[in-house]
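Colleague: Starting off with a structure, shown below.
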Amino acid sequence: MNFTIPAHRTLSAAALLVAGAALLAGCGSSSSSGGGGTTANTTPSTSSPTSGTTSSSGGGTMVNVTLENFKIIVAGGDNLKAGTYTFHVTNKGPSDHNLTINGPGVSNQATPTFPPGQPQNLTVTLKNGMYAFYCSVPGHRDLGMDVSVKVGTGGSSSASSSSSNSGSSSSSGGGWS
């Protein structure tokens with residue numbers, strides 16, 4: 001028995017494979033629109049998976065922050081360059097959390113306290129100095145939801161150098177892993 005496939009079916013299958021590959025290639029990239037665009041506010045994957053930071057026009061540099069089981073994880077590490085940042089905060093813990101930032105020129109800038117699965121953005125301009133990133137829900141900071149972030153000389157996150165972070169991150173946390 002000899003089977004032959006008509007040429008038009010071979011071309012149709014090849015076209016489907018090319019279209020599928022193009023669709024998959026597009027899934028890994030995203031772009032941020034100006035400060036209030038829906039991409040920046042609703043999509044947690046607006047940054048490179050290796051660095052945790054990306055440039056976002058109007059809202060500064062996007063940095064992913066994860067709140068989880070009484071720890072805070074800042075993608076890209078705990079050294080930043082001075083500038084404007086939009087922190088995309090995801091709550092992966094079992095309880096409600098927030099991100100509060102205090103430091104030079106920043107006093108109690110915070111996301112609302114929010115449940116898991118509802119990310120929040122917080123845009124803050126950071127100057128040189130030390131900043132406290134913590135959860136202000138009563139008792140959470142004492143349980144380890146507090147990380148110090150150095151801004152200034154030796155910082156590693158910026159729109160031009162975000163790919164050099166090589167996936168480093170900084171975290172705090174108690175023994176509630």
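Colleague: Non-local amide H neighbours of T84 (under 5 Å, H modeled in plane, Pro and chain starts lacking H): which ones?
Modeller: T61, L126
Colleague: Okay, moving on. Give me, ordered by chain and number, the residues 5 or more places off N64 or on other chains with an amide H under 5 Å from its own placed amide H.
Modeller: Amide H neighbours of N64, under 5 Å, 5+ apart: A75, H88.
Colleague: Let me ask you something else. What does the charge add up to near L126, with Lys and Arg as +1, Asp and Glu as -1, over the other residues with Cβ less than 14 Å from its Cβ?
Modeller: Once all neighbours under 14 Å are counted, the net charge is +2.
Colleague: Based on the mean of other beta carbon atoms within 10 Å per residue, what is the order of 129-140, 84-95, 67-78, most packed first?
Modeller: Order by mean packing, descending: 67-78, 84-95, 129-140.
Coordinate-derived values only; no laboratory data. Computed from a predicted model, the values in this text were never measured in an experiment. Positions of Cβ are backbone-derived with ideal geometry, glycine not excepted, and every protein chain shown enters the neighbour counts.
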